[in-house]
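Each remark here refers to the structure printed beneath this line.
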């Protein structure tokens with residue numbers, strides 16, 4: 001677990017699984033893949049499983065970490081927690097029983113709010129009815145361009161308390177975005193040495209659609225060589241809207 005996350009829309013990260021495989025163009029310059037290679041070289045125990053070099057890399061093979069399941073019980077204060085910043089909980093190599101154990105931890109720690117983000121929307125849709133969905137779980141899908149907009153339809157079939165979209169890195173326009181059943185949208189440009197640019201109109205079009213549909217809108221960054229290179233202002237201001245967050249006692 002890491003407190004004080006640099007990710008603007010969360011407060012902490014929790015990685016009961018690590019590792020992943022690239023599945024769409026949004027994965028091309030994956031920060032987690034690069035970081036896992038570095039952590040493996042540093043000897044970090046969680047990152048000693050190598051992935052398929054065609055889609056993953058050193059230290060980034062999918063692995064589950066049962067020891068990490070106890071971490072949320074030790075946090076003294078309520079947190080907004082990004083689950084698996086270094087993985088995808090719904091990767092095909094993560095056993096359903098382990099997903100259930102992660103969900104059980106969330107349900108047993110209602111003082112925290114958990115944010116799960118995935119690109120494996122088809123698997124979520126298939127598993128949804130077989131999982132017990134805790135009320136403090138927000139579920140999102142990554143939507144980098146129109147080619148993966150089907151993930152939104154899959155997400156709508158899932159009984160999460162909050163459903164959200166992460167349009168980061170936004171690599172193309174998403175015109176006439178259907179936000180029915182969606183409670184939050186994050187937009188951001190790509191960062192890193194090979195960052196692909198985001199056209200301003202792509203971001204403003206999504207912002208305007210959110211305003212029209214009364215959906216919370218969060219503008220994370222313009223992107224560039226570093227995450228902060230282009231700043232966070234959109235039309236002269238920051239946009240840090242969040243869904244309603246319900247916190248109950250443990």
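Any read-out appearing in this document is the output of simple, stated calculations on the displayed coordinates, not a laboratory observation. Keep in mind that this is a model prediction, so the values were computed, not measured. Glycine gets a Cβ as well: all are built from the backbone with ideal geometry, and neighbour counts include every protein chain shown.
Brief remarks on what is shown
- Highest mobility in the GNM of the chain, judged by mean-square fluctuation with C-alpha springs under 10 Å and restricted to 89, 131, 171, is found for 131.
- For region 76-125, relative contact order (Cα pairs under 8 Å, six or more residues apart, normalised by length) works out to 59 percent.
- A Gaussian network model of the chain, with springs between Cα atoms under 10 Å, assigns the largest mean-square fluctuation among 211, 48, 111 to 211.
- Annotation: the chain has a Kirkwood hydrodynamic radius of 18.4 angstrom, from the mean reciprocal C-alpha pair distance.
- Using just its DSSP H runs of length 4 or more, each adding -39500 (n - 2.57), the chain gives a mean residue ellipticity at 222 nm of -6000 deg cm²/dmol after division by all residues.
- Candidates 237, 123, 196, ranked by Gaussian network fluctuation over the chain, Cα under 10 Å, top entry: 237
- Cα-based radius of gyration for region 133-230, normalised by 2.2 N^0.38 Å, reads 1.07.
- Residues 82, 103 arranged by fewest to most Cβ contacts within 10 Å: 103, 82
- The calculated FRET efficiency for residue 180 paired with residue 146, based on their beta-carbon distance and R0 = 30 Å, is about 0.95.
- In this simple spin-label model, placing a label point 7 Å from the Cα along the Cα-to-Cβ direction at both residue 52 and residue 237 gives a separation of 4.7 nm.
- Expressed to the nearest 5 percent, the antiparallel share of DSSP beta bridges inside the chain is 20 percent.
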